Each structure stands twice: as structure tokens, then as C-alpha cells.
Amino acid sequence: MTKKIVCITGIFLFLTVFVFTACDSFYSNSWGSSRKYDPANIKLNADNVDSWIELAVGNPELAKALTEKIKGMVKNMPDGAERAKLQAAGVTLAIEASGLGTILLSNMDQLSDIMDGGDGTDDIVNLLDGLQGDFKKSGGSGAAKDLAEIVKPAGKDFNNPPKFDQSYADDANASDVGQAILMLTMAVMEQQGKDTSIFEEASDINELGIGLGMDENRNVITGDGSTAEAKALAAYLNLINNDPSDKYGSNPVTSGIKDIFNL
């Protein structure tokens with residue numbers, strides 16, 4: 001079992017414990033009965049978006065509708081504080097709509113067993129397969145796509161690595177960034193049709209796996225034809241890798257992610 005596999009299971013376990021103690025009311029209801037919401041009928045703006053986030057707790061269908069609403073709002077909005085606040089809110093809501101917390105909690109026993117010494121590679125692969133299946137079942141791939149379209153970074157090639165507008169980069173929350181990276185990683189893994197390849201030690205320092213690489217300045221880059229999710233993932237990795245304030249280095253999840261990707 002590689003060091004990277006150990007790290008990813010540790011991050012999943014940390015997130016499981018965190019969400020269980022911090023916001024278990026949401027996750028106890030995430031996959032329950034739900035109703036449909038029309039984004040067109042939602043009156044949302046930067047001033048009231050925090051109230052909408054509170055209403056979406058425990059209501060993944062509302063979170064999904066709010067995510068759709070924000071996705072449409074920020075599409076042609078100029079960069080700046082208002083757009084950045086809506087983008088950050090959209091990320092929070094996309095995470096909520098994805099069912100990520102429920103996935104973590106439903107696999108908590110396996111995560112705990114592995115961290116307590118069940119370190120066989122087969123156990124890890126089975127766990128990752130189960131997480132991936134739950135992610136797909138919960139609509140996580142769609143939520144990851146929505147998230148990627150909301151944050152939509154600039155840059156897409158070797159000479160222009162994907163990076164976020166500075167207003168959003170400054171506004172991004174470390175906890176949400178960590179969960180967004182996990183969501184986007186799972187979505188890109190599904191698109192690539194791979195299982196544990198991203199967690200294996202790369203034979204070349206410039207190859208991170210699942211279509212990601214590094215340039216000579218250690219910026220994460222994407223290949224030709226990369227999806228919006230892959231570009232957003234690269235931008236998030238660049239965000240935590242270029243962190244003069246140490247906001248991400250001092251967060252257990254994002255600092256662990258830096259180790260996973262050898263940033």
C-alpha cells in the first residue's frame with residue numbers, strides 16, 4: 001500500500017469525524033424523502049445567500065436547486081466581491097447536494113478499520129470502489145460538474161495553468177476547498193475510468209495521474225480536452241500549493257491533500 005493511499009483514507013476518516021460532530025443533522029436526513037424546487041422561483045442574491053444555505057441544511061434537493069440558481073447567476077457576472085461570495089456559497093451548496101457527508105458516514109466503519117491497521121491493498125480498493133459507487137448513486141458527479149462550472153478557473157494549458165480569480169481565491173474556505181477537491185477527484189476518476197491510479201506513486205514527477213501533471217514551476221496543469229472538473233481540480237490544487245498565508249497548510253484536510261499529490 002502506498003503512502004498516498006494511506007493519506008487519502010486518513011483524509012476521508014478526518015472528514016467523516018468532522019462532519020459527524022459538526023453537522024450531523026444534515027447528514028442524518030440527506031437521502032430521505034425530498035421535494036422538487038424550481039431555481040427560477042428562488043429569489044437569491046449575495047445579501048441573502050447565507051440564509052438560503054441555512055435553509056438547505058438537510059435538504060439536498062433545495063441545495064441542488066440553489067446550486068443551479070447560482071451557476072446561472074455567476075456565469076456572466078464580472079469578477080469581484082459579489083461574484084466571489086456567490087461562488088463560495090455555490091461550492092458549499094454543491095458539496096451539500098452531492099451527498100458527500102452521507103457517503104463518508106456510511107463508510108465510516110471501513111475507514112476506521114483501515115486506519116486501525118487493516119492496511120491490505122484489497123481492502124483499500126474495495127473501500128474506494130464503494131465510495132465511488134455511493135458517489136455516483138447520490139448524484140455526486142452532477143454536483144461536481146455544477147461546482148466546476150460555478151468556480152470556472154482561467155487557464156487550461158502548459159503555459160497557462162488553471163487558477164481562480166483572486167477574489168474567489170481570497171474568499172474560499174479551507175474546509176470547503178478540501179471537500180471540493182475530494183468531490184472533483186472522484187468525478188474525474190469516474191470520467192477516466194480508473195480506480196486507485198491517482199494514489200500510486202508517479203513514475204515521473206510531472207505526472208500526477210487522471211490527466212493532471214506539473215510544469216517546471218510545479219504548477220498543476222491539465223491535458224488537452226480536459227473536462228471542467230479536471231480544470232477546477234487543477235485550480236484548487238494550485239490554490240493550496242501557492243498559499244502564502246498558510247491557510248491551507250494549517251488545515252488538516254488540505255495539508256494532507258498536498259501530501260497526496262506531492263505538491
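For the listed peptides 173-182, 67-76, 93-102, 46-55, a ranking on the average number of other beta carbons within 10 Å per residue, highest first, reads 93-102, 173-182, 67-76, 46-55. What's the FRET efficiency of Asn217 with Asn126 using the Cβ-Cβ distance as r and R₀ = 35 Å, to the nearest 0.05? My answer for the efficiency is 0.40.
Throughout, read-outs are computed from the coordinates displayed, never taken from laboratory work. Please read these numbers as outputs of a predicted model, since none were measured by experiment. Cβ sites come from the backbone with ideal geometry, for glycine too, and all protein chains shown count toward neighbours.
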